[in-house]
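Everything below concerns the one structure shown next.
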Amino acid sequence: MPVKKSTGAEPLQGALPLQDELTAEFLDSLSKTLDVDQTLKKLNITKEDARGILEALVMRKRPPKAAPAPSPPVHGAIKKGVYQIYVDGASRGNPGKAGAGAAIKDAEGNVVRKLKSYLGVMTNNMAEYSAMIMALKAARDMGIKDIRIHADSELMVKQLNGVYRVKSHDLMPLFLEATHLLGAFDEYKIAHIYREGNALADGLANEAIDQRG
């Protein structure tokens, strides 16, 4: 069944000068429960403190990204129905030169948007999440409300579906950003597909690396 939208995380604001020890405790507790209120109570910190931790992690852990390459414009109004989104990330070296690719199809199966972005040096898992975030932002900005997301990263799919915990401190900020963006949609579903079924997104991710590599 499609997943109903959640309330999502509040927007990140000004970072606070928090110690790495508190950051590690916050991420460890949050990854075990995915309950922000419980984590705040356990560590006796405020929501402002939590926002500062997360923003500091994004600034420190996430490599700078180039703007996505221009993609074909969308013509006409957004059609009703379920949009299919295909995402993929690639890293040559893991970590190594990385790229993100995504394709958005309308309810009739027409490709209405292609996206690709060179990400710099990062791991494959970080590239997969970056592709997801790129696609979700594009779909949100297009006004799409009902989506089905297809990715060949089993780890990312199971983490976003709540099957696996996020243990990596590098992935946690990306995971939180993705879950926040999912809250912009009325309904969504995230499914794992094999690589051969994700050729378009895979090709876009590798094109991004080739064009900047």
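Going by a ≥ b ≥ c, the root eigenvalues of the Cα gyration tensor, does region 149-198 fall in the rounded group (a/c under 1.5), the prolate group (a/b larger than b/c) or the oblate group?
Working: a/c = 2.02, a/b = 1.15, b/c = 1.76.
Here region 149-198 falls in the oblate category.
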Burial-style ranking of 159-167, 174-182, 81-89, average other-beta-carbon count within 10 Å with highest first, yields 81-89, 174-182, 159-167
Residue-ordered couplings for region 139-153, obtained by feeding phi - 60° into the Karplus form 6.51 cos²θ - 1.76 cosθ + 1.60 and rounding to whole Hz (Gly and Pro as x), are 5, 4, 5, 7, x, 6, 10, 10, 10, 10, 9, 10, 9, 9, 8
Which residues qualify? For residue 184, with a placed amide H closer than 5 Å and at least 5 residues away or on another chain, they are none
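Which of the three applies to region 87-170, rounded, prolate or oblate, going by the alpha-carbon gyration tensor with a ≥ b ≥ c and a/c under 1.5 meaning rounded? Let's see the in-between values first.
Working: a/c = 2.28, a/b = 1.40, b/c = 1.62.
In terms of gyration-tensor shape, oblate.
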Computed curve, region 73-212, Cα-only Debye sum without solvent term, log₁₀ I(q)/I(0) at 0.12, 0.14, 0.15 Å⁻¹, is -0.42, -0.58, -0.67
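For 150, 169, what ranking results if the residue with the fewest other Cβ atoms within 10 Å of its Cβ goes first?
Working: 150 20, 169 16.
Starting with the residue having the fewest Cβ neighbours, the order is 169, 150.
Assuming R0 = 22 Å, can you tell me the calculated FRET efficiency for the pair residue 163 and residue 94, based on Cβ-Cβ distance, to the nearest 0.05?
0.45
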Between residue 154 and residue 142, the two model label points (7 Å from Cα along the beta-carbon direction) sit apart by a distance in nm of 2.9 nm
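Which order do peptides 188-194, 37-43 fall in by mean Cβ count within 10 Å, highest first? Before the final figure, lay out each step's value.
Values: 188-194: 15.9, 37-43: 14.3.
Per-residue Cβ counts within 10 Å, averaged per peptide and sorted highest first, yield 188-194, 37-43.
Every read-out reported here was derived from the displayed coordinates using simple, explicitly stated rules and does not represent laboratory data. Note that the structure is a prediction, hence the values are computed from the model and not measured. Cβ atoms come from the backbone with ideal geometry, glycine included; neighbour counts cover every protein chain shown.
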